[in-house]
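Visitor: There's a structure below that I have some questions on.
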Amino acid sequence: METRYFNAVKQPEAGTKLGGSVIRSGGLVAFPTETVYGLGANGLDGEAVNKIFEAKGRPNDNPLILHIAKKSDLKELWKSVPERARLLMDEFWPGPLTMVYLKSSRVPEEVTGGLDTVAVRMPDNRTALALIRAAGVPIAAPSANLSGKPSPTTADHVKADMNGRIDVIIDGGPCNIGVESTVVSLMGGAVTILRPGGITREMLEAVIGPVNLSPAVLAPLKQGEAAASPGMKYRHYAPDAQVIVGTGSLPDMAAKLIAEYDRREAEGLACIIFATEETRCFYRGKRYVIIGERKNPLTLCESLFAQFRAQEGKADVILCEALPETDMGLAYMNRLLRSAGFKTI
Ligand code: TXA
Ligand code: MG
């Protein structure tokens with residue numbers, strides 16, 4: 001298949017117009033959102049949705065998010081809309097918050113992997129919203145990477161994974177959050193974070209009171225434990241290299257990363273440290289890149305996946321710094337620990 005490319009800045013209408021008709025007729029379109037690039041298909045057409053799993057090489061029991069352009073479209077996709085959903089969408093939509101609740105009969109089982117719930121979000125990106133409006137249907141979209149690879153935060157990342165596998169790629173420039181949306185379940189009368197993201201636990205609690213955190217956010221599932229979110233079962237966000245996370249106070253952590261660096265280099269492995277503005281001074285004489293600022297974890301989230309991809313074919317070992325698991329630090333640590341297969345030192 002030949003993939004067609006559009007630039008959302010130079011050709012703002014062309015991409016979304018053609019993209020919308022491709023989606024309506026059962027094809028696949030990659031598009032920018034504020035979090036990561038999505039790989040979209042008609043969310044009401046099970047056959048179209050199956051093509052997403054095929055293009056990504058994704059296990060099809062891992063359910064997809066439906067993307068809508070108007071809050072009022074939610075009621076078509078859910079059995080009912082609980083009050084806490086209204087409070088949350090009024091505050092955070094459009095934005096990086098995905099909500100999971102009982103699905104209506106309009107949602108095909110291909111979207112939900114056979115679950116009786118469905119995940120929905122309204123993205124905060126002009127191109128994404130224009131594409132959904134042009135398609136005239138909710139767009140089912142996972143991240144537009146090959147399954148297991150880091151999520152794409154630029155159109156070039158999408159091209160690297162998806163060229164020739166999908167119909168259209170719309171380039172809207174780099175994504176400004178860089179990690180996927182916060183996923184909350186509204187089941188059981190509560191609000192439970194299944195995946196942390198750009199809407200933090202602290203932001204949710206300011207609107208809705210106490211919010212649960214699924215234990216799988218920061219720890220591997222125990223053997224035989226059921227995944228609240230099927231995505232938790234799979235190794236995720238993985239670059240080619242081995243990722244190791246250093247913990248402890250700043251000087252201790254840096255000393256551990258340097259010792260690991262020296263040990264691995266002595267074994268003939270190419271190492272790199274993902275440093276920060278605050279810690280660069282510790283790593284003099286080592287190979288490192290500065291990926292952001294510890295005091296602003298969003299800068300680290302924004303660049304993490306792109307930095308992983310930039311090391312493909314270069315580094316064998318990537319040494320990273322742990323952050324406090326508060327605010328955007330929680331989303332950062334969730335992605336980092338999963339990339340590392342939970343290996344910390
Ligand atoms: O920011 C994002 O959310 C991006 C952009 C494209 O919108 N999308 C994205 O989709 O990250 P994906 O498929 O890579 O991640 C969806 C996550 C998975 O962890 C999946 O298991 C979970 O949401 N999920 C989807 N439906 C669910 C459901 N019914 N119950 C529990 N978890 C669900
Ligand atoms: Mg993904």
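The values are calculated or read from the model by the stated rules, or taken from the named source; none is laboratory data. Bear in mind the structure is a predicted one, so any value in this text is a computation, not a measurement. All Cβ positions, glycine included, derive from the backbone under ideal geometry; neighbour counts span all protein chains shown. When the accessible area is computed, the model is the full protein with side chains, heavy atoms only, and any ligands, DNA or RNA have been set aside. Shrake-Rupley method; radii C 1.70, N 1.55, O 1.52, S 1.80 Å.
Visitor: Residue pairs, Cβ under 8 Å, 6 or more apart or interchain, first in the stretch 306-318 and more than 16 Å from Leu146 (Cα to Cα), second aromatic (Phe, Trp, Tyr) and open to solvent by less than 30 Å² (accessible area, probe 1.4 Å). List them.
Guide: If the second residue must be aromatic (Phe, Trp, Tyr) and open to solvent by less than 30 Å² (accessible area, probe 1.4 Å), the pairs left are Gln307/Phe274; Val317/Tyr261; Ile318/Phe274; Ile318/Phe308.
Visitor: Restricting to the stretch 138-154, count the residues that are hydroxyl-bearing (Ser, Thr, Tyr) and more than 10 Å from ligand 2 (Cβ to nearest atom).
Guide: 2
Visitor: Tell me yes or no: at least one residue of the stretch 105-116 is in contact (Cβ under 8 Å) with a residue 40 or more places away in the chain, of a type in the set (S, T, N, Q) and touching a helix residue (DSSP H, G or I) at 6+ places or on another chain (Cβ under 7 Å).
Guide: Quick first cut of the stretch 105-116, residues in contact (Cβ under 8 Å) with a residue 40 or more places away in the chain only: 106-115.
In the following step, the residues that additionally are of a type in the set (S, T, N, Q) were identified as 112.
So of that shortlist, the ones also touching a helix residue (DSSP H, G or I) at 6+ places or on another chain (Cβ under 7 Å) come out as none.
Within the stretch 105-116 (the criterion being in contact (Cβ under 8 Å) with a residue 40 or more places away in the chain, of a type in the set (S, T, N, Q) and touching a helix residue (DSSP H, G or I) at 6+ places or on another chain (Cβ under 7 Å)), the answer is no, since none of the residues qualifies.
Visitor: Next up: Can you tell me which residue among Lys17, Lys70, Lys103 is within 23 Å of the chain's Cα centre (by Cα), among the basic types (Lys, Arg) and under 22 Å from Thr127 (Cα atoms)?
Guide: Answer to the check: Lys70.
Visitor: Identify, please: which residue in the stretch 110-122 is in a loop (DSSP other than H, G, I, E, B) and modelled with pLDDT of 95 or more and is, among those, farthest from ligand 1 (Cβ to nearest atom)?
Guide: Once the filter is applied, the top-ranked residue is Met122.
Visitor: Scan the stretch 291-314 and give yes if some residue there is surrounded by fewer than 16 Cβ atoms within 10 Å (Cβ to Cβ), touching a strand residue (DSSP E or B) at 6+ places or on another chain (Cβ under 8 Å) and not aliphatic (A, V, I, L, M), otherwise no.
Guide: yes
Visitor: Which members of the stretch 287-333 meet the condition of being under 22 Å from Pro215 (Cα atoms) and touching a Lys or Arg at 6+ places or on another chain (Cβ under 7 Å)?
Guide: Leu323, Leu330
Visitor: Further question on the same structure: Look through the stretch 147-158, keep the residues that are touching a residue at least 24 places away in the same chain (Cβ under 8 Å) and more than 12 Å from ligand 1 (Cβ to nearest atom), and return whichever of them is surrounded by the fewest Cβ atoms within 10 Å (Cβ to Cβ).
Guide: Let us first name the residues in the stretch 147-158 that are touching a residue at least 24 places away in the same chain (Cβ under 8 Å), namely 147-155, 157-158.
Right, trim to more than 12 Å from ligand 1 (Cβ to nearest atom) and you get 154-155, 157.
Values: Thr154: 19, Ala155: 25, His157: 24.
Going through the qualifying residues, I end up with Thr154.
Visitor: I'm told Phe6 meets every condition in (1) at pLDDT 95 or above; (2) of a type outside the set (A, V, I, L, M); (3) over 23 Å from the mean Cα position of the chain (by Cα); (4) not in a helix (DSSP H, G or I) except one. Can you identify the failing condition by its number?
Guide: Single failed check for Phe6: (3).
Visitor: Going by the structure shown, is Val184 in contact (Cβ under 8 Å) with a residue 12 or more places away in the chain, within 16 Å of ligand 2 (Cβ to nearest atom), surrounded by 14 or more Cβ atoms within 10 Å (Cβ to Cβ) and over 20 Å from Pro32 (Cα atoms)?
Guide: So Val184 fails the test.
Visitor: Here is a further query. Mind checking whether some residue in the stretch 123-137 is modelled with pLDDT under 95 and within 9 Å of ligand 1 (Cβ to nearest atom)?
Guide: Checked the stretch 123-137: no residue is modelled with pLDDT under 95 and within 9 Å of ligand 1 (Cβ to nearest atom).
Visitor: Another question about this same structure. Only one of Lys75, Lys79, Lys17, Lys51 is modelled with pLDDT of 95 or more, within 21 Å of Gly148 (Cβ to Cβ) and basic (Lys, Arg); which?
Guide: Lys51
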